[in-house]
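Laboratory data are not the source of any read-out in this text; all were calculated from the coordinates shown. Keep in mind the model is a prediction, meaning the values are calculated, not measured. Using ideal geometry, Cβ is built from the backbone for each residue, glycine included, and neighbour counts are taken over all protein chains shown.
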Amino acid sequence: MKIIGKFKILDSFKVTRRGLVARGNIVEGKVKVGSFIKPKIDSDNITLEIRSVEFIDKISTGESWVGLLFVYNDENHLQELENTKLEEQFVDVFVKD
């Protein structure tokens, strides 16, 4: 495991048929498709592979964020991700060796 960046998750939301989106900011390093994060959910840590890195721009307030979408294995996994809520936290972004 090689850490390539740090991401601050502010919150999360779901996009129907696309899955869970972690909304936040890149704090250091980089975030790229195919890298991973391990957010804490309740007392558990899960590993999520990043499928897409997208820019979120709220024109009315001039605010901008990064949205991370994740790989899901099947329809059940997609539904599980869509029902997941991420709390504010810092996570390492890493690639597998």
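Among all lysine pairs in the stretch 2-95 that are eight or more places apart or on different chains, how many have alpha carbons less than 15 angstrom apart?
Count of close lysine pairs: 15.
Could you work out the relative contact order of the stretch 2-95, using alpha carbon pairs under 8 angstrom and six or more residues apart, expressed as a whole percent?
42 percent
Please report, in debye to the nearest 20, how large the charge dipole of the chain is about its Cα centre when each Lys and Arg carries +1 at its beta carbon and each Asp and Glu carries -1 there. Could the numbers behind the result be given before it?
Numbers: 15 positive and 16 negative charges, 62 e Å.
With only Lys, Arg, Asp and Glu charged at Cβ, the dipole is about 300 debye.
Can you tell me how much longer the chain between residue 17 and residue 43 gets when fully stretched, taken as 0.36 nm per residue apart minus their C-alpha distance, in nm with one decimal?
Stretched fully, the residue 17-residue 43 segment lengthens by 6.7 nm.
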